[in-house]
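Single-structure report; data block below.
The values are calculated or read from the model by the stated rules, or taken from the named source; none is laboratory data. Predicted model, so just to flag it, every value in this text is computed and none were measured. Cβ placement follows ideal geometry from the backbone for every residue including glycine, while neighbour counts extend to all protein chains displayed.
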Amino acid sequence: MGRKYVFDFDSTLTQVEALDVLAEMTLQGRLDRDEVISEIQHITNLGIDGDISFTQSLESRIKLLKAHRDHLEPLVKELRQKISKSITSNKEFFEKFSDDIYVISCGFKEFIDPIVEAYNIPSERVYANTFKFDEDGYIIGFDETNVLATHNGKIECLKQLDLQGEVQVIGDGYSDYVMREAGIAHKFFAYTENVHREKAASNADHVAPNLDEFLFVNDLPRNLSYPKNRIKILLLENVHPVAFDNLSEDGFSVELIDRSLTEAELIEKIKGVHVLGIRSKTQITPKVLEAANKLLVIGAFCIGTKQIDLDYCRKKGVVVFNAPYSNTRSVVELAVGQIIMLMRFIFPRNKEMHQGIWNKTANNSHEVRGKNLGIVGYGNIGKQLSVLAEALGMRVYYYDIEDRLALGNAVRCDTLEDLLIVSDVVSLHIDDNPANRNFIGERELAQMRPGAFLINLSRGYVVDIPALVEALKVKKLSGAAIDVYPSEPGKNGTFENELRQLDNVILTPHIGGSTEEAQRNIADFVPNKIMAYINSGNTVDAVNFPNIRLPKQINAHRFLHIHENVPGIMAKINEVLAQYDMNIIGQYLSTDSEVGYVISDLDKDYNKDVIKALKQVEHTIKFRVLY
């Protein structure tokens, strides 16, 4: 006899309550429009939660509506744009199981029939109310003889249908879950994609945040092999709330924690997590990765990835993305500001003023125009600083171990020493390679021009702090601006460093990239990379993985196979696919020295045993299926 599926319409098949939308149309131009709409929505909710009888709810709303037959066509047009997202993406289910799907709604057939017709649900399987019109075409009521116009009418309607087999009800309100309570439906799924009603959820056999979840639980054809609401994302260190919004809106389950976690805390917390988002403080160690039983991807909401064991991530099949460009402008603007503040000796003057000392003087105060700026590290930040500094009239010199093309009139230096001896200001923008520890030490400081300035907005350990303190004390350098430190607090609070005692040093708490704009950019960029990987398998811009840009998957199954890079794996994969009569319509492979990543798009349904066989291919690290 099989299963029968009974769907509600409003806020289930559609994102909205149709009568609320109708009210917005019919009340256009009325001064009290907002108040009336609010009242209609209030009455709607009372009826849905069972706090007033449905008949009372319906009568009250129709009186307030003042709707005409001519409003129905534009209403249907509007509702077609408001079909629930996961309903739209799972049309195949409605086509394959059309004989077993019913719509039982307290709404009206006049607008339900034309909507569900596109989902292969004929009018004879739609049970709903019908409007009454006066001679001028205005809606004046509803057919009171229809069982669905009465309180608990859905119960009576389902009884009369006498459906055979297991009956499952999918809806969002009181009138849906009472069918299961009355014993005429076997299961009630609280559908919360559009609205979460606590009464419905608490009375449900299962809460379905979308149709994907409902189909997954019932092992039915679906657009996604694994519902996104089951993919757990953990965001640490006060990541910008827009990241939470972006990932939540795509359907994932997201948890926010406003601080970094210790290794022990993270080992406990990461169990069952599929995606981890961090900034610079959280350390991703082998122990953490061993505990991460479901981890697929790490998003570093920052430029650096030194806090992540990238090699171990690769070995475990965990893809890592960062945000290499999103805060470039913020860092560059701070560098420009610090150059000006240092060369004008603004901070000593500022301190004096706060102490009540008026010291108007031009001593040691210089324009930046005509001065020499030495940029160490000519990457994204270094290049943009080069352009802005030149626009201010500075002469720019740069040093980089890579052969990088100069922008504007910038001059490339062959050695670090060549740059240091010519620069009035040296700004550091080098990466987090461990070899860069104490990159600027006693020897390099001695090579700098007497009275020069040093700016470090890169990594804390690239400057030998005791050597810098000495150079500042003996006036070898006129000042410095330091944003990063060899040791930084894990959270906001006290800060200890010998540079605090020096007046000619600008100290900032690792905020070079910390602007609202930069954090917003990062909160868009990194989640987009995460979603592209989870949703399609794309690894473009991954920092530890072969990069593959994949075409959009259409009417195919996608198998994602990560393996150790040893000869013959591709042949073994294709051997398994051939054994199970799988027809490959597209295949993509990329490798690096340690891992291989192969994606196979297949055009037919498959025996689940093929998944088991692919997971058992020797040297497999991770395997995943996308529909």
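Of all residues in the range 1-20, those satisfying the criterion of being at pLDDT 90 or above, in a helix (DSSP H, G or I) and on the phi < 0 side of the Ramachandran plot are 9, 10, 12, 13, 18. Taking the conditions exactly as written (of a type in the set (A, V, I, L, M), at negative phi, outside the structural domain of residue 281 (by TED's automatic domain parsing) and under 37 Å from the mean Cα position of the chain (by Cα)), does residue 474 satisfy them or not? No, not satisfied. When residue 420 is tested against (1) buried (at least 21 other Cβ atoms within 10 Å of the Cβ); (2) out of contact with any helix residue (DSSP H, G or I) (no Cβ under 7 Å at 6 or more places or on another chain), exactly one condition is not met: (2). All conditions in (1) under 21 Å from the mean Cα position of the chain (by Cα); (2) modelled with pLDDT of 95 or more; (3) outside any helix (DSSP H, G or I) hold for residue 167, with the sole exception of (1).
Conditions (1) assigned to a strand (DSSP E or B); (2) in contact (Cβ under 8 Å) with a residue 60 or more places away in the chain; (3) more than 24 Å from residue 351 (Cβ to Cβ), marked per residue:
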position	(1), (2), (3)
444	no, no, yes
454	yes, no, no
461	no, no, yes
479	yes, yes, no
485	no, no, no
490	no, yes, yes
494	no, no, no
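Of all residues in the range 276-303, which are surrounded by fewer than 17 Cβ atoms within 10 Å (Cβ to Cβ), under 26 Å from residue 437 (Cα atoms) and not charged (D, E, K, R)? Of everything in the range 276-303, those that are surrounded by fewer than 17 Cβ atoms within 10 Å (Cβ to Cβ), under 26 Å from residue 437 (Cα atoms) and not charged (D, E, K, R) turn out to be 285, 286.
Restricting 537, 512 to residues that are within 20 Å of residue 334 (Cα to Cα) and of a type in the set (Gly, Ala, Ser) narrows the list to 512. Inclusion of residue 355 among residues that are modelled with pLDDT under 95, surrounded by fewer than 20 Cβ atoms within 10 Å (Cβ to Cβ), in the same structural domain as residue 457 (by TED's automatic domain parsing) and not aromatic (Phe, Trp, Tyr) is warranted. Condition first: aromatic (Phe, Trp, Tyr), over 22 Å from residue 303 (Cβ atoms), crowded, with 16+ Cβ neighbours inside 10 Å and under 43 Å from the mean Cα position of the chain (by Cα). Can you find one or more residues in the range 451-462 that meet it? There is at least one residue in the range 451-462 that is aromatic (Phe, Trp, Tyr), over 22 Å from residue 303 (Cβ atoms), crowded, with 16+ Cβ neighbours inside 10 Å and under 43 Å from the mean Cα position of the chain (by Cα).
So for the range 551-567 (the condition being touching a residue at least 60 places away in the same chain (Cβ under 8 Å), closer than 27 Å to residue 317 by Cα and not in a strand (DSSP E or B)), does at least one residue qualify? Yes - at least one qualifying residue is present in the range 551-567.
Evaluate the following for residue 541: is it outside any helix (DSSP H, G or I), under 20 Å from the mean Cα position of the chain (by Cα) and outside the structural domain of residue 467 (by TED's automatic domain parsing)? Step through it out loud before you land on a result.
Details: outside any helix (DSSP H, G or I): yes; under 20 Å from the mean Cα position of the chain (by Cα): yes; outside the structural domain of residue 467 (by TED's automatic domain parsing): yes.
For residue 541, the condition - outside any helix (DSSP H, G or I), under 20 Å from the mean Cα position of the chain (by Cα) and outside the structural domain of residue 467 (by TED's automatic domain parsing) - is met.
The criterion of being at pLDDT 90 or above and within 23 Å of residue 457 (Cβ to Cβ) does not hold for residue 548.
Exactly one residue out of 31, 58 is within 26 Å of residue 136 (Cα to Cα), in contact with a strand residue (DSSP E or B) (Cβ under 7 Å, 6 or more places away or on another chain), at pLDDT below 95 and not small (Gly, Ala, Ser), and it is 58.
Contact annotation: residue pairs with Cβ atoms under 7 Å, 6 or more positions apart or on different chains, pairing a residue in the range 114-135 that is touching a residue at least 12 places away in the same chain (Cβ under 8 Å) with a partner that is of a type in the set (Ser, Thr, Tyr) and part of a helix (DSSP H, G or I), are 120/98; 121/98. Sub-7 Å Cβ pairs linking a first residue in the range 389-411 that is at pLDDT below 95 to a second residue that is part of a loop (DSSP other than H, G, I, E, B) and not small (Gly, Ala, Ser), at least 6 apart or interchain, are 404/378, ordered by first then second residue. Contact map, the range 341-364: first residue of a type in the set (Phe, Trp, Tyr), second residue assigned to a loop (DSSP other than H, G, I, E, B), Cβ cut-off under 6 Å, separation 6 or more or different chains; pairs are 345/364; 345/365.
Can you name the residue in the range 304-337 that is among the aliphatic types (A, V, I, L, M) and touching a Phe, Trp or Tyr at 6+ places or on another chain (Cβ under 8 Å) and is also surrounded by the fewest Cβ atoms within 10 Å (Cβ to Cβ) among such residues?
From the range 304-337, those among the aliphatic types (A, V, I, L, M) are 308, 310, 318-320, 323, 331-332, 334-336; that's our starting set.
After this cut, where a residue has to be touching a Phe, Trp or Tyr at 6+ places or on another chain (Cβ under 8 Å) as well, the list is 319-320, 323.
Working: 319: 27, 320: 22, 323: 25.
Checked the range 304-337; the qualifying residue surrounded by the fewest Cβ atoms within 10 Å (Cβ to Cβ) is 320.
The residues listed here are 593, 600; of these, the one that is closer than 17 Å to residue 549 by Cβ and either in contact (Cβ under 8 Å) with a residue 40 or more places away in the chain or not in a strand (DSSP E or B) (or both) is 600. Right, residue 243: in contact (Cβ under 8 Å) with a residue 12 or more places away in the chain, in the same structural domain as residue 522 (by TED's automatic domain parsing) and within 20 Å of the chain's Cα centre (by Cα) or not? Yes, satisfied. Assess whether residue 587 counts as being at pLDDT 90 or above and surrounded by fewer than 15 Cβ atoms within 10 Å (Cβ to Cβ). In short, no. The sole residue among 273, 239 that is among the β-branched types (Val, Ile, Thr), modelled with pLDDT under 95, crowded, with 17+ Cβ neighbours inside 10 Å and part of a loop (DSSP other than H, G, I, E, B) is 239.
For the range 205-227, a tally of residues being modelled with pLDDT of 95 or more and of a type in the set (Gly, Ala, Ser) returns 1.
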